[in-house]
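The values are calculated or read from the model by the stated rules, or taken from the named source; none is laboratory data. Since the model is a prediction, treat every value here as computed from it, not as a measurement. All Cβ positions, even for glycine, are placed from backbone atoms using ideal geometry, and neighbour counts span all protein chains on display. Surface areas here come from the heavy atoms of the whole protein model, side chains and all, with no ligands, DNA or RNA. Shrake-Rupley method; radii C 1.70, N 1.55, O 1.52, S 1.80 Å.
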Amino acid sequence: MDDVKAMLIDFHTHFIPPAFPQKPAGIAEPAWPSLRPAAGGGATMFTGDTKFRDFDPLYWDVDRRIAAMDAAGVDIQVISPLPELLSYWLDPAAGAILTDAINRAGADMVARSGGRLKALGVLALQDPDHAVRQVAEVAALGLSGLFLGSHVNGQSIAADRFHPVLEQAERHNLPLFIHGIKPGGLDRIEGPALMGAVVGIPYEGTMALAGFMATDIFARFPNLQIVFAHGGGMIGSVIDRMELVWSKFPAAMQGALREAPTAYARRFWYDSVVFSPENLAYLAARFGADRIIAGSDGPTEIGQTDLPGFLAATGLSDADRKAILGGNAARLLDIMP
C-alpha cells in the first residue's frame, strides 16, 4: 500500500454492557441475564441460573478497548452487542427493558471513547410496534445504526411484519447490520455442537439476504442501507444459481425480483469476516470492492486480528484495500477522515 495511511474502521466488533438491570417485579422471564464477577476483572454471564460464558473486561472497558485498538492500528470500531443479547426469544416486556439498557450502555461507551467508538442499537423485534418507537430512541442516543438478527423467532427479518421498523430506520438514516442467529435445522447437523454455528450462522445470513432480494426491499425503501455479516454468508456460492433460475423462469421469479440477482446483490454491503483472503477477493470481484467493509468479529476468540495483513493477502489494488479498510465504512456512516 502506498505511503498515505488508510483510515482503519473495524465495522464488526462486539460488546456487552458492564451490568444488566435487575429484573423488575412482575416480569416472569426465567432467562433474564446477569453478570457475576470473575477472576482478572472479568465476568461470567448467566441466563437465569444457567452459565452462558466468561467474558474479558475488554467487552465493556473502554480504556482497555482503545489500547487494543491502538495496538492493532484501528482508528474506529463500530460496536454491536453480541447476537445472544438480541433478546427476541424473551418475554416482550423483558426484551424491551433489556434492549433499552443495552442501547444506553453502547451510547455510554461511545461517549467515553473520544470519538474512537461508534455503536449500533438493538430492538425488541418480538413486539414490532414497540420496536418502531425504539428506532427513534436509538437515533436520539446518537447511535450509528441497528444490529438485527436474521430472523425473529423463526420469522425472516425480511417479512412484511417488520417493514414499519425498516421504514423508520430509513427515515432516521440508520443502516442495518444483519447477523445470522439461532440457525434452524440443527437436528440435521452431525458432529460437535459448534458445527451448528459454523454452518448455520452463514446459512441464516444467506436466507435473510435472499429474502430481502426476493421481496425487492429497495423498491420499498430505496435509501435503506443494509450490511450483512460474514460476507453475506453463502451468497457468493449461490448467486449464480439464483441468476440462472431468475433468467430461466421469468414468470415465477421476475415479478417479485425485477432486477437480475447479481446486480441486486451489489446494492447491499458486506463485511470482510470471511476468514480467507481468496474468499474476500472473490466477493470483491462479484459484488464490488466498494461494497465491502472491514471487520474483525473481535474481541471473540475467532476474530481476524490483522486486518491490513488480511487485506494485503487478497491481491486487491491499493485503492480497493484502502476503501475496504476504512473508506467504505466512512462513506456509509458519514465519518470524516
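Residue-by-condition table, conditions (1) without any contact (Cβ under 8 Å) to a residue 24 or more places away in the chain; (2) touching an Asp or Glu at 6+ places or on another chain (Cβ under 9 Å); (3) surrounded by 15 or more Cβ atoms within 10 Å (Cβ to Cβ):
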{"site": "Asp10", "(1), (2), (3)": "no, yes, yes"}
{"site": "His14", "(1), (2), (3)": "no, yes, yes"}
{"site": "Ala25", "(1), (2), (3)": "yes, no, no"}
{"site": "Pro30", "(1), (2), (3)": "yes, yes, no"}
{"site": "Leu35", "(1), (2), (3)": "yes, no, yes"}
{"site": "Thr44", "(1), (2), (3)": "yes, yes, yes"}
{"site": "Ile66", "(1), (2), (3)": "no, no, yes"}
{"site": "Pro83", "(1), (2), (3)": "no, no, yes"}
{"site": "Ala107", "(1), (2), (3)": "no, no, yes"}
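When residues in the range 79-100 are screened for being hydrophobic (A, V, I, L, M, F, W, C), under 26 Å from Asp271 (Cβ atoms) and out of contact with any helix residue (DSSP H, G or I) (no Cβ under 7 Å at 6 or more places or on another chain), 4 of them pass. Residues that are more than 18 Å from the chain's Cα centre (by Cα) and open to solvent by 70 Å² or more (accessible area, probe 1.4 Å) within the range 196-226 comprise Arg220, Pro222, Asn223, listed in sequence order. Quick one: in the range 176-195, which of the residues that are without any contact (Cβ under 8 Å) to a residue 40 or more places away in the chain, touching a Gly at 6+ places or on another chain (Cβ under 8 Å) and at negative phi is surrounded by the most Cβ atoms within 10 Å (Cβ to Cβ)? Per the criteria, the residue is Pro183.
Checking each residue in the range 279-330 for being in contact with a helix residue (DSSP H, G or I) (Cβ under 7 Å, 6 or more places away or on another chain), open to solvent by 50 Å² or more (accessible area, probe 1.4 Å) and without any contact (Cβ under 8 Å) to a residue 40 or more places away in the chain picks out Asp290, Ala313, Gly315, Asp320. Just one of the listed residues (Asp127, Asp70) is open to solvent by 10 Å² or more (accessible area, probe 1.4 Å) and more than 30 Å from Gly309 (Cα to Cα), namely Asp127. Check off (1) of a type in the set (A, V, I, L, M); (2) under 24 Å from the mean Cα position of the chain (by Cα); (3) more than 22 Å from Gly303 (Cβ to Cβ); (4) modelled with pLDDT under 90 for Ala6 and give me the number that stays unchecked. With respect to (1) of a type in the set (A, V, I, L, M); (2) under 24 Å from the mean Cα position of the chain (by Cα); (3) more than 22 Å from Gly303 (Cβ to Cβ); (4) modelled with pLDDT under 90, Ala6 is out only on (3). Inclusion of Thr50 among residues that are under 22 Å from Ala68 (Cα atoms) and surrounded by fewer than 20 Cβ atoms within 10 Å (Cβ to Cβ) is not warranted.
Considering the range 277-321, and only residues there that are modelled with pLDDT of 95 or more and of a type in the set (D, E, K, R), the residue that is nearest to the chain's Cα centre (by Cα) turns out to be Asp297.
Has the range 299-310 got at least one residue that is under 24 Å from Gly145 (Cα atoms) and of a type in the set (D, E, K, R)? No, the range 299-310 has no match at all. Mind counting the residues in the range 279-309 that are part of a helix (DSSP H, G or I), out of contact with any Ser or Thr (no Cβ under 6 Å at 6 or more places or on another chain) and farther than 16 Å from Ala6 by Cβ? Qualifying residue count, the range 279-309: 7. One residue stands out among those in the range 227-271 that are more than 25 Å from the chain's Cα centre (by Cα) and among the aromatic types (Phe, Trp, Tyr): the one that is nearest to Ile9 (Cα to Cα), which is Trp246.
For the range 26-68, the candidate set comprises residues that are assigned to a loop (DSSP other than H, G, I, E, B) and aromatic (Phe, Trp, Tyr); within that set, the residue that is nearest to Lys118 (Cα to Cα) is Trp60.
Here Ala39 meets each of (1) within 30 Å of Ala323 (Cα to Cα); (2) hydrophobic (A, V, I, L, M, F, W, C); (3) free of Cβ contacts under 8 Å to residues at least 60 places away in the same chain with one exception, condition (1).
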